[in-house]
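Q: The structure's right below; bear with me while I get my questions together.
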């Protein structure tokens, strides 16, 4: 199992994972700000 995961120990994989996680957090924040917050502030 260790030999198959050795391909992913390059710093570029960590950078890619961090970038995707960062974009995911930004998208989640914007979704909450633009869609959930108005629904809570102005209940239907």
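Read the figures in this text as sums done on the coordinates, not as results from a lab. Computed from a predicted model, the values in this text were never measured in an experiment. Here the Cβ positions follow ideal geometry from the backbone for every residue, glycine too, while neighbour counts run over all protein chains shown.
Q: Modelled label-to-label distance, residue 16 and residue 35, 7 Å Cα→beta-carbon offset: nm?
A: Label-label distance for residue 16 and residue 35, simple model: 2.7 nm.
Q: Output the Kirkwood hydrodynamic radius of the chain, Cα pairs only, in Å rounded to one decimal. Provide the component values of the computation, followed by the final result.
A: Values: mean 1/r = 0.0766 Å⁻¹.
About 13.1 Å for the chain.
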